[in-house]
Every structure is written in structure tokens, then in C-alpha cells.
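> This structure is in C-alpha cells; I'll ask about it shortly.
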Amino acid sequence: MPERGAAGQQVQEVPAASVPEGAWLLDVRENEEWAAGYAPGARHIPLGELGLRTGEIPQDQPVYVICRSGGRSARAAQALAAAGWETINVAGGMQDWAAAGRPMATDSGAAPFVA
């Protein structure tokens, strides 16, 4: 069910299995969570830095937002939608991503996991 952003915009939610290949995926988890494992191709901006780094997020395409379980990403998606971005929350977050068998990576080369 879509959630409403701060200015009344609807924010769509999709399961991780429905995120298209090549989608612009914004991961708002903390640095330690990202280091444990992330979706290849995702861009990492921790939620606490989002307000300062919105210039890194494109406004000409949908932005899929993900966190560990979907709560922080829902808040981020709502805030971005209220500011004019087209956002889609990834319901279930990286937990759902891993459970769906979607690819994961680490910068260290260690086996990725959801922290």
C-alpha cells in the first residue's frame, strides 16, 4: 500500500524482487551496515547525511530507496518525494533483498550479509 509523503505525495512500495535491473538504488543504511553487504550498483548515502547530499540523487528517473528492513527507507522516500523526487520504497529492505536471492557485494571481498 502506498504511503503518503510529508506534502501528501504517494510513495509507492515494491518488494526487493521487483526492483528492476539497472534501477537507481539509494541505500540509506549506516556505514557499518553497508560494509557488511550491499546491492551491487547501489549508491550509499546514510539517512543522517541525506539532507546534505541530495545533489547526488537524480531527479530525472525513479529512485528506489532501501535500508535494512524498510522503515528508514520509507522515511527517506517520503522526504525526497515531498521535495520533488519520484521515489519508490523497497519494502522489506536488504533483508528482503537477501531472502529473494538478489546479488550482494562487499568492498572487502568478505562474504556479504545483512547487518
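The values are calculated or read from the model by the stated rules, or taken from the named source; none is laboratory data. All of these numbers come straight from a predicted model, not from anything done at the bench. Cβ atoms come from the backbone with ideal geometry, glycine included; neighbour counts cover every protein chain shown.
> So how many residues does the range 6-25 have that are crowded, with 16+ Cβ neighbours inside 10 Å, touching a helix residue (DSSP H, G or I) at 6+ places or on another chain (Cβ under 7 Å) and under 15 Å from CYS67 (Cα atoms)?
Adding up the residues that qualify gives 1.
> Can you name the residue in the range 58-78 that is surrounded by fewer than 18 Cβ atoms within 10 Å (Cβ to Cβ) and not acidic (Asp, Glu) and, of all such residues, is nearest to ASP96 (Cα to Cα)?
Taking the range 58-78 first, the residues surrounded by fewer than 18 Cβ atoms within 10 Å (Cβ to Cβ) are 58-62, 69, 71.
After this cut, where a residue has to be not acidic (Asp, Glu) as well, the list is 58-59, 61-62, 69, 71.
Values: PRO58: 25, GLN59: 26, GLN61: 23, PRO62: 20, SER69: 7, GLY71: 13 Å.
Per the criteria, the residue is SER69.
> Continuing with the same structure: Can you name the condition, by its number, that LEU50 falls short on among (1) on the phi > 0 side of the Ramachandran plot; (2) buried (at least 19 other Cβ atoms within 10 Å of the Cβ); (3) more than 10 Å from the chain's Cα centre (by Cα)?
All conditions pass for LEU50, except number (1).
> Residues in the range 65-83 that are in a helix (DSSP H, G or I) and not small (Gly, Ala, Ser): how many?
Just the residues of the range 65-83 that are in a helix (DSSP H, G or I), to begin with: 71-82.
Those still in the list that are not small (Gly, Ala, Ser) too: 72, 75, 78, 80.
Residues meeting the conditions: 4.
> Out of the range 34-64, which residues are touching a strand residue (DSSP E or B) at 6+ places or on another chain (Cβ under 6 Å) and part of a helix (DSSP H, G or I)?
TRP34
> Is the range 51-63 home to any residue that is closer than 23 Å to THR106 by Cα, in contact with a helix residue (DSSP H, G or I) (Cβ under 6 Å, 6 or more places away or on another chain) and of a type outside the set (Phe, Trp, Tyr)?
The initial filter retains those residues of the range 51-63 that are closer than 23 Å to THR106 by Cα, namely 53, 56-57, 63.
Right, trim to in contact with a helix residue (DSSP H, G or I) (Cβ under 6 Å, 6 or more places away or on another chain) and you get none.
There is no residue in the range 51-63 that is closer than 23 Å to THR106 by Cα, in contact with a helix residue (DSSP H, G or I) (Cβ under 6 Å, 6 or more places away or on another chain) and of a type outside the set (Phe, Trp, Tyr).
> Could I ask something else about it? Among the residues of the range 84-108, which ones are buried (at least 20 other Cβ atoms within 10 Å of the Cβ), at negative phi and either assigned to a loop (DSSP other than H, G, I, E, B) or among the polar types (S, T, N, Q) (or both)?
Hits for the range 84-108 are TRP85, THR87, ASN89.
> Picking from ALA81, ALA111, which residue would you name as being surrounded by 14 or more Cβ atoms within 10 Å (Cβ to Cβ) and either at pLDDT 95 or above or among the hydroxyl-bearing types (Ser, Thr, Tyr) (or both)?
On the way: ALA111 fails: surrounded by 14 or more Cβ atoms within 10 Å (Cβ to Cβ).
Of the residues listed, the single one that is surrounded by 14 or more Cβ atoms within 10 Å (Cβ to Cβ) and either at pLDDT 95 or above or among the hydroxyl-bearing types (Ser, Thr, Tyr) (or both) is ALA81.
> Would you confirm, using the coordinates I've provided, whether VAL19 is in contact (Cβ under 8 Å) with a residue 60 or more places away in the chain and within 13 Å of the chain's Cα centre (by Cα)? Don't jump to the end; show me each part of the working.
Details: in contact (Cβ under 8 Å) with a residue 60 or more places away in the chain: yes; within 13 Å of the chain's Cα centre (by Cα): yes.
Yes: the conditions hold for VAL19.
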